[in-house]
Amino acid sequence: MNDASATTTHIVRARGLTKRYGAAVALDHVDFDIAAGRIVGLIGPNGAGKTTALKAILGLTEFEGELSVLGLDPRTQRTELMQQVCFIADVAVLPRWLRVSEAVDFVAGIHPRFSRDKCQAFLARTKLKPAMRVRELSKGMIVQLHLALVMAIDARLLVLDEPTLGLDILYRKEFYQSLLNDYFDEEKTILVTTHQVEEIEHILTDLIFIKDGKLIVNASMDEIGERYAEVMVAPEKVEAARALKPLNERGIFGKSVFLFDGVPQAQLAQLGELHKPSVADLFVATMKGTYA
Amino acid sequence: MNAPSAIRPATSTKPNPMQTLLWLLKREYWEHRGGFFWAPLIAGGVVIAILLLSMIVAEATAARHGVNIGNLNLDRISANMTPDQVATFNSGLAAGLMGMSIPIMATLFFVVFFYLLGALYDDRRDRSVLFWKSLPISDLDTVLSKVVAAVLIAPAFAIAALIAMHIVTLILISVYAGIHGVNPLPLLWNPAPLITMWIKLVCLIPVNALWALPTAGWLLLCSAFARSKPFLWAVAVPVALGAVLGFTQLLQQFSIPSAWYWKYIVGRILFGIVPGGWLGVGGNGTLRAITGGGDTNIELDKFDLVNSVLSWGHIFDAIGSIDLWIGVAAGAGLVVAAIWFRRRRVETSV
């Protein structure tokens with residue numbers, strides 16, 4: 001590892017990141033920075049370019065523009081990069097023939113930052129047995145195994161691509177709980193994409209919305225709270241609310257709920273009760289017309 | 001943005017490359033235990049079973065017809081044999097043992113062929129490639145481990161199974177002889193030619209490996225390149241090219257016979273992994289010599305057929321042959337191309 005990566009403040013830095021598949025543009029001159037110690041949610045509709053962005057960061061695809069991850073170029077320095085970056089793509093990418101014990105032995109053998117003791121401790125909390133093969137495991141158990149392997153690696157960036165897809169609520173809760181309690185600290189950074197926004201919004205520190213290859217929102221959760229507000233408006237004030245150009249309007253219990261972007265909160269307070277919008281509501285409002 | 005990780009020194013302990021390769025080879029063995037370890041053992045076991053069965057049938061038939069083949073004093077017969085006769089017997093025994101080994105060698109060919117075709121394709125199809133690529137292993141190491149597994153590890157297991165089968169065969173024949181009151185030791189267990197043969201078989205593993213490189217490279221290239229049906233790519237492309245060359249008589253324009261293409265291109269990129277495929281290169285027409293053809297420049301020893309076909313001189317001829325080394329260079333080029341595609345083609349759909 002060179003000194004450049006040791007002094008870098010941004011874990012990921014992208015400038016003009018572009019990826020085309022033939023005529024289709026998956027990423028269109030995207031700029032973003034991800035700082036250390038953050039949990040960043042990369043949220044977008046299907047086909048918006050989330051997975052392409054992750055693949056570029058992991059050096060799994062060619063791209064145009066500038067991208068540095070931990071101060072390294074993912075295109076040419078993949079092997080070095082993967083010593084410090086871990087990756088869980090959606091379930092069932094562990095090879096079906098692999099045994100639990102073989103998985104642990106192999107990663108211990110080739111990964112210089114892997115702690116076998118930590119991994120065994122994580123596995124001891126599950127029903128996984130060393131002789132089990134991946135093909136005998138349920139989806140939830142496969143993710144437990146993968147997570148145990150990844151959490152035992154002292155990496156600086158963890159990339160999760162729909163990590164809990166197809167899991168029941170118990171496994172999903174456990175997954176994020178383990179990550180928060182036993183893995184995450186201020187030296188680690190997590191970049192996660194998921195469609196189950198409600199389940200991760202309370203753990204995110206930063207939010208990136210992506211639509212048609214462009215970033216729509218890129219802000220910390222604190223900034224989101226200041227910028228966006230939801231107001232429950234009584235019928236007589238609806239016209240006044242509409243005049244302020246809300247992002248979205250929906251009805252609930254005979255009242256209208258408006259979502260505003262960048263309107264001063266003091267002004268909105270006169271219209272009705274203020275709420276912090278949920279990420280899901282924000283997502284739906286900003287992505288309007290995506291599939292139309 | 002001065003998070004603590006910004007100042008934490010990014011220490012990286014480089015893993016020992018030899019250790020990484022060993023783990024990668026272990027990985028290949030775990031995944032392909034069935035093909036590498038069990039398949040040659042089972043092939044050998046079937047041969048042994050057939051041998052055993054024929055002994056039992058022979059015994060039963062003899063008993064039914066009241067034939068008593070006991071008390072045939074082989075001791076005295078062998079004592080009365082001339083040294084030439086003993087040598088001829090040993091030569092026949094060695095040739096017989098090698099003949100019995102053909103099923104194991106054929107198994108090895110099919111195992112290695114399909115192993116190579118799937119080596120860089122199957123994990124892309126089931127997306128487990130994403131797991132392997134999430135680990136700090138270079139594509140170079142990955143592909144090299146598959147080459148080594150195909151041309152050294154799998155053949156080593158096959159040769160071990162083969163020698164074990166030879167030994168079991170000799171024991172079975174000895175027991176059979178013993179039941180009939182014959183002492184098999186002086187004839188069957190003449191150690192020198194047997195041990196020479198086994199040592200040669202082990203020494204031939206690296207020679208076969210060098211000879212197999214173009215095939216290993218071509219099959220791995222197809223495996224890394226194909227988005228579907230690597231088998232079709234591997235076989236159809238050279239065959240179609242051969243057909244085109246045949247129709248257009250392109251090669252004949254350069255006064256190259258079309259057989260040249262089939263022997264030196266198709267033969268080398270698809271059948272180079274046949275054990276002993278290099279036979280007939282060093283010495284002009286060796287294989288014809290075995291089948292009784294005339295023009296040969298190696299002296300076949302009828303007293304030691306196997307060891308004379310696999311003579312040291314002949315093995316060194318093969319190692320020194322330009323054909324072998326052109327193949328090694330071509331194989332290296334194909335492996336480099338396979339690494340290039342392994343780097344870029346991550347999933348079969350993209």
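What are the pairs, 6+ residues apart or on separate chains, where a residue within the stretch A:250-279 that is under 16 Å from residue A:235 (Cα atoms) has its Cβ under 7 Å from a residue that is part of a loop (DSSP other than H, G, I, E, B)?
A:255/A:234; A:258/A:246; A:259/A:246; A:259/A:247; A:259/A:277; A:272/A:234
Let me confirm something: among A:54, A:70, which residue is aliphatic (A, V, I, L, M) and at positive phi?
A:70
If only one of A:212, A:161, A:261, A:185 is within 14 Å of chain B (Cβ to nearest Cβ) and over 20 Å from residue A:90 (Cα atoms), which one is it?
Within the list A:212, A:161, A:261, A:185, the selection yields A:185.
For the stretch A:65-84, enumerate the residues that are more than 11 Å from chain B (Cβ to nearest Cβ) and either touching a Lys or Arg at 6+ places or on another chain (Cβ under 7 Å) or closer than 18 Å to residue B:128 by Cα (or both).
Residues satisfying the conditions are A:65, A:66, A:68.
Say we look at the stretch A:117-129 and pick out the residues that are part of a helix (DSSP H, G or I) and without any contact (Cβ under 8 Å) to a residue 60 or more places away in the chain; which of these is nearest to the other protein chains (Cβ to nearest Cβ)?
So, considering only residues that are part of a helix (DSSP H, G or I) and without any contact (Cβ under 8 Å) to a residue 60 or more places away in the chain, the one nearest to the other protein chains (Cβ to nearest Cβ) is A:119.
Just one of B:188, B:219 is surrounded by fewer than 21 Cβ atoms within 10 Å (Cβ to Cβ) and among the aliphatic types (A, V, I, L, M); which is it?
Being surrounded by fewer than 21 Cβ atoms within 10 Å (Cβ to Cβ) and among the aliphatic types (A, V, I, L, M) holds for just one of B:188, B:219, which is B:188.
State which residue is nearest to residue B:135 (Cα to Cα) when the search covers only the stretch A:108-134 and only residues that are touching a Phe, Trp or Tyr at 6+ places or on another chain (Cβ under 9 Å) and either buried (at least 20 other Cβ atoms within 10 Å of the Cβ) or hydroxyl-bearing (Ser, Thr, Tyr) (or both).
Restricting to residues being touching a Phe, Trp or Tyr at 6+ places or on another chain (Cβ under 9 Å) and either buried (at least 20 other Cβ atoms within 10 Å of the Cβ) or hydroxyl-bearing (Ser, Thr, Tyr) (or both), the top hit is A:110.
Residues are listed down the side, and each one gets a yes or a no for (1) at pLDDT below 90; (2) under 17 Å from the mean Cα position of the chain (by Cα):
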{"residue": "A:5", "(1), (2)": "yes, no"}
{"residue": "A:34", "(1), (2)": "no, yes"}
{"residue": "A:38", "(1), (2)": "no, yes"}
{"residue": "A:70", "(1), (2)": "no, no"}
{"residue": "A:80", "(1), (2)": "no, no"}
{"residue": "A:92", "(1), (2)": "yes, no"}
{"residue": "A:109", "(1), (2)": "no, no"}
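Going through A:158, A:145 one at a time, which residue ends up being in contact with a Cys (Cβ under 9 Å, 6 or more places away or on another chain), surrounded by 22 or more Cβ atoms within 10 Å (Cβ to Cβ) and closer than 28 Å to residue A:97 by Cα?
Answer to the selection: A:158.
Take residues that are more than 30 Å from residue A:80 (Cα to Cα) and tell me which of the helices (runs of 4 or more DSSP H) falling wholly in the stretch B:103-206 contain 2 or more.
Where helices (runs of 4 or more DSSP H) fall fully within the stretch B:103-206 and carry at least 2 residues being more than 30 Å from residue A:80 (Cα to Cα), they are B:154-179, B:185-188.
When the stretch A:85-105 is examined, which residues are found to be at the interface with chain B (Cβ under 7 Å from one of its Cβ atoms) and within 28 Å of residue A:53 (Cβ to Cβ)?
A:86, A:87, A:89, A:93, A:94, A:95 - these are the residues of the stretch A:85-105 that are at the interface with chain B (Cβ under 7 Å from one of its Cβ atoms) and within 28 Å of residue A:53 (Cβ to Cβ).
What about residue A:179, is it part of a helix (DSSP H, G or I), within 14 Å of chain B (Cβ to nearest Cβ) and either under 19 Å from the mean Cα position of the chain (by Cα) or at pLDDT below 90 (or both)?
So residue A:179 fails the test.
Conditions (1) among the small types (Gly, Ala, Ser); (2) surrounded by fewer than 20 Cβ atoms within 10 Å (Cβ to Cβ); (3) touching a strand residue (DSSP E or B) at 6+ places or on another chain (Cβ under 8 Å); (4) modelled with pLDDT under 85, marked per residue:
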| site | (1), (2), (3), (4) |
| --- | --- |
| B:260 | no, yes, no, yes |
| B:276 | yes, yes, no, yes |
| B:293 | yes, yes, no, yes |
| B:325 | no, yes, no, no |
| B:347 | no, yes, no, yes |
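Suppose we keep only residues that are small (Gly, Ala, Ser) and facing another protein chain (nearest Cβ under 9 Å) within the stretch B:93-140. Which one would you say is surrounded by the fewest Cβ atoms within 10 Å (Cβ to Cβ)?
Filtering the stretch B:93-140 for residues that are small (Gly, Ala, Ser) and facing another protein chain (nearest Cβ under 9 Å), the one surrounded by the fewest Cβ atoms within 10 Å (Cβ to Cβ) comes out as B:138.
Touching a strand residue (DSSP E or B) at 6+ places or on another chain (Cβ under 7 Å), surrounded by fewer than 20 Cβ atoms within 10 Å (Cβ to Cβ), assigned to a loop (DSSP other than H, G, I, E, B) and not charged (D, E, K, R): does that describe residue A:203?
It is true that residue A:203 is touching a strand residue (DSSP E or B) at 6+ places or on another chain (Cβ under 7 Å), surrounded by fewer than 20 Cβ atoms within 10 Å (Cβ to Cβ), assigned to a loop (DSSP other than H, G, I, E, B) and not charged (D, E, K, R).
Just to confirm my filter: which strands (runs of 3 or more DSSP E) fall fully inside the stretch A:219-273 and include at least 1 residues that are within 24 Å of the chain's Cα centre (by Cα) and of a type in the set (A, V, I, L, M)?
Ranges flagged: A:228-233, A:255-261.
Pull up the stretch B:330-345, narrow it to residues that are touching a Leu at 6+ places or on another chain (Cβ under 8 Å) and within 14 Å of chain A (Cβ to nearest Cβ), then point me to the one that is surrounded by the fewest Cβ atoms within 10 Å (Cβ to Cβ).
Once the filter is applied, the top-ranked residue is B:341.
Only residues in the stretch B:21-48 that are within 14 Å of another protein chain (Cβ to nearest Cβ) and hydroxyl-bearing (Ser, Thr, Tyr) count as the first member; pair them with residues that are outside any helix (DSSP H, G or I) and surrounded by fewer than 21 Cβ atoms within 10 Å (Cβ to Cβ), Cβ under 6 angstrom, at least 6 apart or cross-chain, and list the lot.
Pairs found: none.
The values are calculated or read from the model by the stated rules, or taken from the named source; none is laboratory data. Bear in mind the structure is a predicted one, so any value in this text is a computation, not a measurement. For neighbour counting, all protein chains shown are included, and Cβ atoms are generated from backbone atoms with ideal geometry for every residue, glycine included.
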